[in-house]
Amino acid sequence: MYRLGEDMARGRGWALAFGLTAHHYYRGARNPVLAAVGLRAVREALADAG
C-alpha cells in the first residue's frame, strides 16, 4: 500500500512530464491552448512541490 505522500509525488511527476511535453510540442502556432494547459500543469506541479 502506498502512502499519500508517495501518491502525490507520483501525480506531480506525471503532471510535470505531461506539462513539459505538451508545452514543448504545442507551443507556437501548433496549438496555443494546449501549450497553455501544459504550462499551467508545470506551474501547478512546481508550486505544489513547495
Seminar exercise, completed: The local net charge around A15, scoring Lys/Arg +1 and Asp/Glu -1 for residues other than A15 whose Cβ lies under 9 Å from its Cβ, equals -1
For this session: Please report the Cα spread of the chain along all three principal axes, rounded to whole Å, starting with the longest.
Result: 43, 20, 12
Exercise. Say we join alpha carbon atoms closer than 10 Å with springs in a Gaussian network model of the chain; which of G13, G38, G28 then has the biggest fluctuation?
Worked result: G28
Problem set entry | Given charges at Cβ of Lys, Arg, Asp, Glu: the chain dipole, positive-most of H24, G38, W14 | H24
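Give me the 1.4 Å probe accessible area per residue for the chain, excluding ligands and nucleic acids, in Å².
Result: 81 Å² per residue.
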For this session: Keeping the other protein chains in place, figure out the carbon and sulfur percent of the accessible area of the chain, with a 1.4 Å probe.
Result: 62
Exercise. Quick one: helix 4-26 against the long Cα principal axis of the chain, what's the angle to the nearest 10°, folded into 0 to 90?
Worked result: 10
Seminar exercise, completed: Subtracting the Cα-Cα distance of L4 and E44 from 0.36 nm times their residue separation yields 12.6 nm
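The values are calculated or read from the model by the stated rules, or taken from the named source; none is laboratory data. Keep in mind that what you see is a predicted model, and the values were worked out from it rather than measured. All Cβ positions, glycine included, derive from the backbone under ideal geometry; neighbour counts span all protein chains shown. All accessible areas refer to the heavy atoms of the entire protein, side chains included, with ligands and DNA or RNA removed. Shrake-Rupley method; radii C 1.70, N 1.55, O 1.52, S 1.80 Å.
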